[in-house]
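Let me begin by presenting the structure, written as structure tokens, before commenting on it.
Taken together, the values in this text are just the output of simple stated rules run on the coordinates, not laboratory data. What you are looking at is a predicted structure, and each value in this text was computed from that prediction instead of being measured.
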Amino acid sequence: MVTGATSGIGQVTARELARRGATVVIVGRNPAKCQRTVEDIQKATGNPRVRYLVADLALMREVRDLAREFLTEYPRLDILVNNAGAIFPQRTVTKEGLEQTWALNHLSYFLLTHQLMPALLAAPTARVINVSSDAHFAARGVHIEDPMFERRRYSAFAAYSQSKLANVMFTAALARRLRNTTITANALHPGAVATNFGIGHGGIVSALFKLARPFMLTPEQGAQTTIYLATSDAVQHTSGAYFDRCKTKPPSPAARDVNAQEQLWALSEQHIMRVSL
């Protein structure tokens, strides 16, 4: 399964996994766009075993529905690529009461991985791959008291970098919990990739991304580390690591704080429980 797979590095990842003969399920919000992406991948790879499921991953109810639909059809899951993400220039609250960056970029990873755990455990070996970013280095830590900018002044980059830090911290905490299983969990930095990420929102965020676009990686280049983590025998037993350009590197000191990782885990559970009531 590849989330956020109708464009950019998610689409390239899905296509290359299909090219290798995998059964691939892509996830997107727009049914028509999902259908076009599936058809494009099938045509490019000759692999008919590509299908889509529709969900808005900023909504925890839809994350649960997505997992339920997947588990109904597929008994096992070998690779889960949590790739969907966005940056939002203004603070937006979902209809479930969650700040949208936090919900989409972090809580969807957390909840979807948990919901799909039966299928991951059913596979002979399985890999959870969380697409993060070196933007996480800019966050001093996850603001446990106010992660959704309810009391602090909202900043698009601060919210984004915090969510990407949460990805790395979640990965490390998850890897510890999976030590006695055949599931690995790793996070990665794809690089600065020239996709539509950040461009459609307007304002300064969009302008900055447009200015930087000529200097960015192609989606094909940006997807290489994700594909490597999904397919390489060299990382079959590697778990809890952070990768950049297909090599491990230390994440930020804040990301390596075990106590903070456990606080984040507890906070994430609280948020998930809150919206499920």
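List nothing, just return the count: lysine pairs in the chain, 8 or more apart or interchain, with Cα separation under 30 Å.
Taking the chain as the scope, the lysine pair count is 10.
Expressed as a whole number of Å, what is the distance separating the alpha-carbon centroids of region 76-108 and region 223-277?
About 15 Å separates the Cα centre of region 223-277 from the one of region 76-108.
Could you work out [θ]222 nm for the chain from helices alone, using -39500 (n - 2.57) per DSSP H run of at least four and dividing by all its residues? Round to the nearest 500 deg cm²/dmol.
Computed mean residue ellipticity for the chain: -13000 deg cm²/dmol.
Please find, in a Gaussian network model of the chain (springs between Cα atoms separated by less than 10 Å), the residue of 45, 171, 37 whose mean-square fluctuation is greatest.
With Cα springs under 10 Å in the chain, the top fluctuation among 45, 171, 37 is at 45.
Can you tell which of 56, 146, 257 shows the greatest fluctuation in a Gaussian network model of the chain with Cα springs below 10 Å?
Comparing 56, 146, 257 in the GNM, the peak value goes to 146.
Grab every C-alpha pair in region 122-166, bin the distances at 10 angstrom width from 0 up to the longest one, and report whole percents.
Going from the shortest bin to the longest, the percentages are 26, 41, 17, 13, 3.
For region 2-276, just the Cα atoms, rotate onto the principal axes and tell me the three extents in Å, largest first.
Each principal axis gives a Cα extent; for region 2-276 these are 50, 44, 37 Å.
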